[in-house]
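Each reported figure results from applying straightforward, stated rules to the coordinates on display, with no laboratory input. The structure presented is a predicted model; accordingly, all values stated were derived computationally and were not measured. Virtual Cβ from ideal backbone geometry, glycine too; neighbours counted across all protein chains shown.
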Amino acid sequence: MKRGWFLPVFAVLGFAFLYAPIISLVVFSFNESRLVTVWGGFSTQWYGELFADGWDSWQTNPLLAASLISLKVAAIAASIATVIGTLAAFVLTRFGKFRGKLLLTGMITAPLVMPEVIIGLSLLLLFVSMEMVLGWPAGRGLTTVVIAHGTFCAAYVAVIAQSRLRDMDESLEEAARDLGAGPVRVFFDITLPVIAPALVSGWLLAFTLSLDDLVVASFVSGPGASTLPMVIFSKVRLGVSPDVNALATIIIAIVALAVTIAGVLLRRQARAAR
């Protein structure tokens, strides 16, 4: 094989390996047959099954109800993780050497390499102990899932924000302080706008990780707090129904639209900057 064809061929194979299952899922979401692996003709009936009850489908349909729970949990957990991760990154990059810095660094990076089973089990034991000693949280539910997701997602946000803070030109902050600005104003007027793209990236990553998590949520969730991955996993064990493919296709379309809009906005911003 010529060298000029090597990279294109393997690039095509790699993209096919990644996207062929997604394309298959989208195609079979329009399958008339109830069997997800047997094509029975084109139909949109499974999309109608999802929204058969109109706006009440968000409460009556288990898949849509779980989707709403997952979106709520992911949005809140990502916001909490962004705040905690940014503060941790700021401490590690701006406070120099201090006692306990190595321990803090290890605590931040530990969730990145620790198996999710260990994280979920440890958080479950923590919540049980807190309930026995403090009386809170009362049982497992949305609160415990949000805390758990915010905890391990904060590590990812901290790594992203820390790398951006290290690359930032500190002379900007020094100039602002020389002009009389206090530390708080320097942070909100200088530091925060500069690292804002990294924080947005961290929030989106945390949102995705929370929305996709199954293992940790299985440990810390309770009745009425089943996330979408948990519901889909329970359905997979009994046999996948085509409405799962329909919901997954809707999610893929929303994500693709969001990525397209973000790409257009970033391209316009780059043109304006030039």
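Across the chain, the relative contact order, built from alpha-carbon pairs under 8 Å that are at least six residues apart, equals 30 percent. In this structure, Leu238 and Ala270 have a Cβ-Cβ separation that, at R0 = 35 Å, corresponds to a calculated FRET efficiency of about 0.10. Under the simplified labelling scheme, the Ala75-Leu172 pair shows an inter-label distance of 3.0 nm, with each label point 7 Å from Cα along Cα→Cβ.
Only Cα pairs under 8 Å and at least 6 apart count here; give the relative contact order of the stretch 151-206 as a rounded whole percent. Once normalised by length, the contact order is 60 percent. Let me know the longest stretch in the chain that avoids all chymotrypsin sites (Phe, Trp or Tyr not before Pro) found in a DSSP loop with at most 16 other C-beta atoms within 10 Å. It works out to 99-274. Charge dipole of the chain (Cα centre as origin; +1 on each Lys and Arg Cβ, -1 on each Asp and Glu Cβ, all else neutral): 780 debye, rounded to the nearest 20. Shown here for the stretch 1-92: trypsin sites (Lys or Arg not before Pro) in loop regions (DSSP other than H, G, I, E, B) with at most 15 other Cβ atoms within 10 Å, namely Lys2, Arg34. Based on C-alpha pairs under 8 angstrom that are at least 6 apart in sequence, the stretch 1-134 has a relative contact order of 8 percent. For Val259 and Val194, the FRET efficiency from 1/(1 + (r/R0)^6), where r spans their Cβ atoms and R0 equals 25 Å, is about 0.55. Ordering Tyr19, Leu247, Ser122 by Cα displacement along the dipole of the chain toward the positive end leaves Tyr19 in first place; charges were set at the Cβ atoms of Lys, Arg (+1) and Asp, Glu (-1). Relative to the Cα centre, the charge distribution of the stretch 132-274, modelled as +1 at Lys and Arg Cβ and -1 at Asp and Glu Cβ, gives a dipole magnitude of about 440 debye.
Between Ser122 and Phe95, the simple spin-label model (points 7 angstrom out along Cα→Cβ) gives 2.0 nm. For Asn31, nonlocal amide neighbours, meaning residues 5 or more places apart or on other chains whose placed amide H falls under 5 Å from its own, are Ser43. Rounded if a/c is under 1.5, else prolate if a/b beats b/c, else oblate: with a ≥ b ≥ c from the C-alpha gyration tensor eigenvalues square-rooted, which is the chain? Oblate, because a/c is 1.5 or more while a/b does not exceed b/c. The trypsin sites (Lys or Arg not before Pro) of the stretch 97-137 that DSSP puts in a loop, and whose beta carbon has at most 12 other beta carbons within 10 Å, are Lys97, Arg99.
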